[in-house]
Amino acid sequence: MPTDFDAIIIGAGAVGLACGWELARFGQSVAVLEREARIGTGVSSRNSEVIHAGLHYAPGSLKARFCSQGRRLLYDFLQSRAVAHQRCGKLIVAAEPRDLPALEGLAARAEQNGVEGISWLNAAEAQALEPGLACVAALLSVESGILDALGLMAALAGEIEAHGGAIALSAPFVGAGPLAGSGWRVGIGGAEPTQISARRLILAGGLEAQACAALIEGLPAAAIPRLFYGKGHYFTLARGRAPFSRLIYPPPIPGALGMHYRKDLGGQARFGPDLEWVDAVDYQVDGARAARFEADIRRFWPALPHDALSPDYAGVRPKLHGPGEPVADFSISNPLPGLTTLFGIESPGLTSCLAIGAYVAALQG
Ligand SMILES: Cc1cc2nc3c(=O)[nH]c(=O)nc-3n(C[C@H](O)[C@H](O)[C@H](O)COP(=O)(O)OP(=O)(O)OC[C@H]3O[C@@H](n4cnc5c(N)ncnc54)[C@H](O)[C@@H]3O)c2cc1C
């Protein structure tokens, strides 16, 4: 039976748009459905906008593989589409000797993951690059950077449309069922509810991926992993100049990369995210967290002025592991013919999006 599209993608975040572009540019007809009135209002616009090199992730994991591949693809894409970005580099710092084993572990991971551009610096070398930095040693990653995430998504959306694809806004996915033979019938709610069909259905719903999956007829509950919310808060430096040019990271904390510093593309100093396990999505930033941020920041920047931090924004990571559990990998699979599900696309999902798109496109015709 002919279908309206080769592929329907649920979610116009960085990952859904990257999947759409990868299919559209190789001649597939594509529709991306987004429930909000704009693209990229989900996790993809509430993050650190860091292009990760790939040294933090378990060797052999999808995160490690897609991060390195995705980073290389991303720099080329951003460059060729004139999307703002900077290959500013990152210093992962040992503030005290007790941090050194964690850095040694990261250096070993970088080697196992084939991450290029990593070198050790002693304190004097690190401080020559970033005066004002307090550390006993640091790992320098020259391939790390920052990007304009909304610019990336606008460029991907433009590419999809240029290749004949459709992006439907205010078009919430409300359910899907298998067509006789093969393919999917997909329900769209909103102001003008309708149904469309496709050979392939791809779920890239970010924090709502599990809720979307639960609306698919015939998908066993066992194919939908449990979702945990890992909230991260950010603070900004309200007074004074951004102190460093490069990204400054502490050693990782259990379950996340750790509260870090970045000078964003506008020159503003931002700090975060921390990790708070929450039961529901909310984006409030409690100013009382500033004291903890100050203490953590002073480990690598002792000159942080008092009361200089102001609450900024928050994001929520769609995690597949709970507190104290081992960090889970991305989950990308075809649980039913013509259906691809993406769960747990937390960091480094932004860096990885183009590699994820290529992987998903190749999963099944
Ligand atoms: C605090 C934080 C910091 C991070 N920092 C970084 C970083 O520095 N570098 C990095 O590489 N990664 C980072 N990440 C991870 C990265 O942001 C995500 O992995 C990535 O943005 C996920 O993109 P996505 O497209 O899967 O999800 P989203 O951007 O959330 O897109 C999903 C889309 O689906 C839509 N949707 C949901 N339900 C429906 C429905 N029923 N119908 C239609 N549409 C629907 C949503 O509205 C949304 O637009 C961070 C994440 C967080 C939370």
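Where Lys and Arg each count +1 and Asp and Glu each count -1, what net charge lies around Ser29 among other residues with Cβ under 14 Å from its Cβ?
On the way: positive: Arg25, Arg199, Arg200; negative: Asp4, Asp6, Glu22, Glu161.
Combined, the nearby Lys, Arg, Asp and Glu give -1.
Kirkwood Rh over alpha-carbon pairs of the chain, then Stokes-Einstein at 4 °C and 1.567 mPa s: what D in µm² s⁻¹, rounded to an integer? Don't jump to the answer; show the numbers that get you there.
Working: Rh = 21.2 Å.
D, rounded to a whole number, is 61 µm²/s.
Label-point separation (nm) for Ile253 and Asn334, each offset 7 Å from Cα along Cα-to-Cβ?
4.0 nm
Which value, in debye to the nearest 20, describes the size of the charge dipole of region 103-155 about its Cα centre when Lys and Arg Cβ atoms bear +1, Asp and Glu Cβ atoms bear -1, and nothing else is charged?
Numbers: 1 positive and 7 negative charges, 18 e Å.
Charge dipole of region 103-155: 80 debye, to the nearest 20.
Among the GluC sites (Glu not before Pro) within region 193-283, which fall in a DSSP loop and have no more than 14 other Cβ atoms within 10 Å of their own Cβ? Let's see the in-between values first.
Working: sites: Glu208, Glu217, Glu276; in loops: Glu217.
Hits after loop and neighbour filter: Glu217.
How would you classify region 215-365 from its alpha-carbon gyration tensor, with a ≥ b ≥ c the square roots of the eigenvalues: rounded for a/c under 1.5, else prolate if a/b is greater than b/c, otherwise oblate? Please list the in-between numbers first.
On the way: a/c = 2.82, a/b = 2.07, b/c = 1.36.
Verdict is prolate for region 215-365.
Within the chain, what's the longest stretch lacking trypsin sites (Lys or Arg not before Pro) that sit in DSSP loops with no more than 15 other Cβ atoms inside 10 Å?
Working: sites that count: Arg38, Arg81, Arg226, Arg239, Arg241.
Counting at most 15 other Cβ atoms within 10 Å as exposed, the longest clean stretch of the chain is 82-225.
With a cut-off of 8 Å between alpha carbons and a minimum separation of six or more residues, what is the relative contact order of the chain in percent?
Details: 835 pairs, mean separation 90.5, N = 365.
For the chain, the relative contact order is 25 percent.
What is the extension gain from Glu104 to Ala238, computed as 0.36 nm multiplied by their sequence separation minus the C-alpha to C-alpha distance, in nm to one decimal?
Numbers: separation 134, 0.36 × 134 = 48.24 nm, distance 3.43 nm.
Separation in residues times 0.36 nm, less the Cα-Cα distance, equals 44.8 nm.
Express as a percent, rounded to the nearest 5, the fraction of DSSP beta bridges in the chain (both residues included) that run antiparallel. Mind dumping the intermediate values first?
On the way: 48 of 67 bridges.
Close to 70 percent.
Which residues does a label at Ser80 reach in region 16-47, if reach means a backbone N under 13 Å from a point 7 Å past the Cα toward the Cβ?
The answer is 22, 25-26, whose backbone nitrogens lie closer than 13 Å to the label point.
Report, in whole Å, the centroid distance computed from the Cα atoms of region 133-175 and region 304-329.
So the separation of the two Cα centres works out to 19 Å.
Please order Cys353, Cys135 by the number of other Cβ within 10 Å, starting at the fewest.
Values: Cys353 31, Cys135 23.
The order, fewest Cβ neighbours first, is Cys135, Cys353.
Pull out the extension gain between Ala214 and Asp4, defined as 0.36 nm times the separation in residues minus the alpha carbon to alpha carbon distance; nm, one decimal.
Working: separation 210, 0.36 × 210 = 75.60 nm, distance 2.33 nm.
Length gained, Ala214 through Asp4: 73.3 nm.
Taking 4 °C and 1.567 mPa s as the conditions, I'd like the Stokes-Einstein D for region 176-301 in µm²/s, using the Kirkwood hydrodynamic radius from alpha carbon pairs. Numbers along the way, then the final one.
Numbers: Rh = 18.4 Å.
Value of D from the Cα-based Kirkwood radius: 70 µm²/s.
Can you spot the lysines whose alpha carbon is less than 22 Å from Lys231's alpha carbon? Ignore those fewer than 8 places along the same chain.
Lys231 reaches Lys63, Lys263, Lys319.
Rule-based calculations on the coordinates, nothing more; no lab input. None of these values were measured; they are calculated from a predicted model. Every residue, glycine among them, receives a Cβ derived from its backbone with ideal geometry; neighbour counts consider all protein chains shown.
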